[in-house]
1. Give the peptides D:3-13, E:14-24 in descending order of average Cβ contacts within 10 Å, highest first.
2. Percent of accessible area on the protein assembly as shown owned by carbon and sulfur, 1.4 Å probe?
3. Give, rounded to the nearest 20 debye, the magnitude of the charge dipole that the protein assembly as shown has about its Cα centre when Lys and Arg contribute +1 at Cβ and Asp and Glu contribute -1 at Cβ.
4. So, with +1 on the Cβ of K and R and -1 on the Cβ of D and E, and no other charges, what is the size of the charge dipole of chain A about its Cα centre, to the nearest 20 debye?
5. Taking the solvent-accessible surface of protein heavy atoms with a 1.4 Å probe, what is the per residue accessible area of chain A in Å²?
6. Going by Cα centres, the stretch E:54-68 and the stretch F:19-36 are how many Å apart?
7. Once R0 is set to 51 Å, what does the formula 1/(1 + (r/R0)^6) return for the Cβ-Cβ distance between E:Ala50 and D:Glu45, expressed as a FRET efficiency to the nearest 0.05?
8. Highest mean first, how do A:42-49, F:36-43 rank when packing is the count of other Cβ atoms within 10 Å averaged over residues?
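The values are calculated or read from the model by the stated rules, or taken from the named source; none is laboratory data. Everything numeric here is computed off the predicted structure, so don't read it as measured data. Neighbour counts are summed over all protein chains in view; Cβ atoms, including those assigned to glycine, are modelled from backbone coordinates with ideal geometry. These area figures cover heavy atoms from the full protein model, side chains too; ligands, DNA and RNA do not enter into them. Shrake-Rupley method; radii C 1.70, N 1.55, O 1.52, S 1.80 Å.
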Protein chains: 6
Amino acid sequence: MKLSARNQLPGKVTAVNMGVVTAEVVIALDGGGELVSVITKTSVENLGIAVGKKVHAVVKSTEVMVAVD
Amino acid sequence: MKLSARNQLPGKVTAVNMGVVTAEVVIALDGGGELVSVITKTSVENLGIAVGKKVHAVVKSTEVMVAVD
Amino acid sequence: MKLSARNQLPGKVTAVNMGVVTAEVVIALDGGGELVSVITKTSVENLGIAVGKKVHAVVKSTEVMVAVD
Amino acid sequence: MKLSARNQLPGKVTAVNMGVVTAEVVIALDGGGELVSVITKTSVENLGIAVGKKVHAVVKSTEVMVAVD
Amino acid sequence: MKLSARNQLPGKVTAVNMGVVTAEVVIALDGGGELVSVITKTSVENLGIAVGKKVHAVVKSTEVMVAVD
Amino acid sequence: MKLSARNQLPGKVTAVNMGVVTAEVVIALDGGGELVSVITKTSVENLGIAVGKKVHAVVKSTEVMVAVD
């Protein structure tokens, strides 16, 4: 499957915090820095997301803002 | 200003493609990899976004998906 | 690639309207009804999206609202 | 009320999973397939969303991605 | 139609800037301040959005960030 | 920091409802009306968001829909 979302950054999961409906997944990017994702708990279970797993963080370009100093 | 958005990655603008309403901004992340952002043309002008400018790419955590192989 | 986005509906592209930065893609769902997507023009080109192509419309669950009469 | 969101698909609620802040609502689309929505628990209560209720799933077109094989 | 989106602020359209695919709509809120919306040009036409028209700006709560000084 | 998000409305926090992963923040806008935000519990803690605090509600323009009667 190829996805239209332009941003697909490789990394490794460093933390998963499970709520009732949603879960927070922390991803250490291969290039440095980290990204936090909030997805459903069911997706965490369906995809077998756990600490140490290699993943990609995926973001649609219309969801990326730009900040300047 | 401190913002609730958890993801704020430093980088440098490598391309700006101006449309009529929106504009596409390509950011080379300091850690490697790039992010593409679609914001309004007015924001590009208001913030003086141009090739070479240091910026942060900012993403709300509810907008980050996770992909596995 | 398996993606955390819970909503992945099969369909066929019935129209593509290209702008300068973004493009509008209309998808007739296999189950009936249609979905309109706005993605970057570059993604349309990268994925070879054109009228008649079989695709999936993909939506993160946090982006789906519910309406009642 | 008419809404600018282009995607408004009719269906029926098949499951509601209540969390503390958010809730997950599963909608069987009239045309087949299902959509999962994450909205606030308060919205579920305000709109009387429950299993069996007829609803529309509503998605802004900028939130729809496209995937190809 | 009642919508799950918690944020529905009344206002009046003060500017419409039409692009090829998208359009920018500026709304002066009844309470003061303004909101800028980017929707499809087709939605602007379908809903008859024009300067002076009374509208509501609608935002899903998961799309609202919080900033502090 | 200056942010590309066009919508930054001043207000005061009137309620915070903490979940496991996410939290709901209600903001009374200075101009009247209120906005509800869902952000992570960690952001609420990091920014010291509490009832009575002055904040800005921030929304990217691509996330704002328009409704007409």
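1. Most protected by this proxy first, the peptides run D:3-13, E:14-24.
2. Within the protein assembly as shown, the accessible surface is 48 percent carbon and sulfur.
3. Computed charge dipole of the protein assembly as shown: roughly 0 debye.
4. 300 debye
5. 35 Å²
6. Using only Cα atoms, the two centres lie 10 Å from each other.
7. Rounded to the nearest 0.05, the efficiency is 0.90.
8. Going by the mean number of other Cβ atoms within 10 Å, highest first, we get F:36-43, A:42-49.
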